[in-house]
Amino acid sequence: MAKKKTNSESKSDTKKKEGGIGGLFIPAGILIGMGIGFLTGNIPAWMFIGLGTGFLCFAISLYLEKKK
């Protein structure tokens with residue numbers, strides 16, 4: 001027979017699937033990079049910088065969350 005999940009177990013499963021709040025760093029980095037790119041006239045370079053920064057912040061947030 002299947003084990004019924006408790007409320008806390010289902011919340012932790014949802015959190016694992018969503019990636020937590022850290023997943024917002026990637027689109028935020030791209031949008032910030034795009035904005036700076038429009039101001040400086042070099043959109044592709046700043047978008048890549050923003051994307052890399054977003055991935056780095058996402059990785060750091062995952063590391064700090066696992067460390068808890």
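Throughout, read-outs are computed from the coordinates displayed, never taken from laboratory work. Fair warning: this is a prediction, and the values are worked out from it, not measured in the lab. Please note: Cβ atoms are built from the backbone with ideal geometry, for glycine as well, and neighbour counts cover all protein chains shown.
Things worth noting here:
- Anisotropy class of the range 22-67 from Cα gyration tensor, a/c 1.5 cut: prolate
- Spin-label pair L39-A59: with each label point 7 Å from Cα along the Cα-Cβ axis, the two points sit 2.7 nm from one another.
- Using the average count of surrounding beta-carbon atoms within 10 Å as a protection proxy, the listed peptides 56-62, 23-29, 36-42 rank, highest first, as 23-29, 56-62, 36-42.
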